[in-house]
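Novice: One structure coming up, written as structure tokens, with questions to follow.
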Amino acid sequence: MNNEDKVISLELAKKIDKEHKRLGIEVKSEFYWVFAYGGWWIKTNEEINSLTYSGEAFETYPAHDVAELGEMLPKEIIKDGKEFRLKLMGVAHIEYINDDFPGDEYGRLTEVLLFKDICCEKTEAETRGKMRLWLLINDYIKAVKK
């Protein structure tokens, strides 16, 4: 598996980075999208340090992988006073569900938060990244005050 399949896309990395900065959230990653030598590359922290010594200016964005994004997604969120817990379903499907749902006329026993356009991406990292972005944009994730 190449590095591009392990991490979020450059486009998504830029959007997530923008939201993190807006909220004052400092995030580190094992991998980064780096613009150097005329193109975009996925580099590790160690590789970035060697680029820094070359004196070339470059642009970077955290290129989060599946494991990092799993740690970054809240295990539960509150919506309309109800608790919804994170449920990872299969390779690229994520839901937040409410187990206290009393049921409905269709026989559903759990209430699920629906996330438009956040399902079944090309990679699990991309799906988790889109979920992270949605949670950031909709204020379910806030900066921790120090």
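Novice: Search the range 1-23 for residues being over 12 Å from the mean Cα position of the chain (by Cα) and within 15 Å of THR44 (Cβ to Cβ), and hand back the single one that is surrounded by the most Cβ atoms within 10 Å (Cβ to Cβ).
Specialist: Ranking the qualifying residues of the range 1-23, first place goes to LYS6.
Novice: Okay, next question. Scan the strands (runs of 3 or more DSSP E) fully inside the range 54-130 and keep the ones with 2 or more residues being at pLDDT below 80 and among the aliphatic types (A, V, I, L, M). Steps first, answer last, please.
Specialist: On the way: elements: 59-62, 76-79, 82-88, 94-98, 111-113.
Output list reads 94-98, 111-113.
The values are calculated or read from the model by the stated rules, or taken from the named source; none is laboratory data. Just so it is clear, the structure is predicted and the values come from calculations on it, not from any experiment. Heads up, the Cβs are rebuilt from the backbone with ideal geometry, glycines too, and the neighbour counts pull from every protein chain shown.
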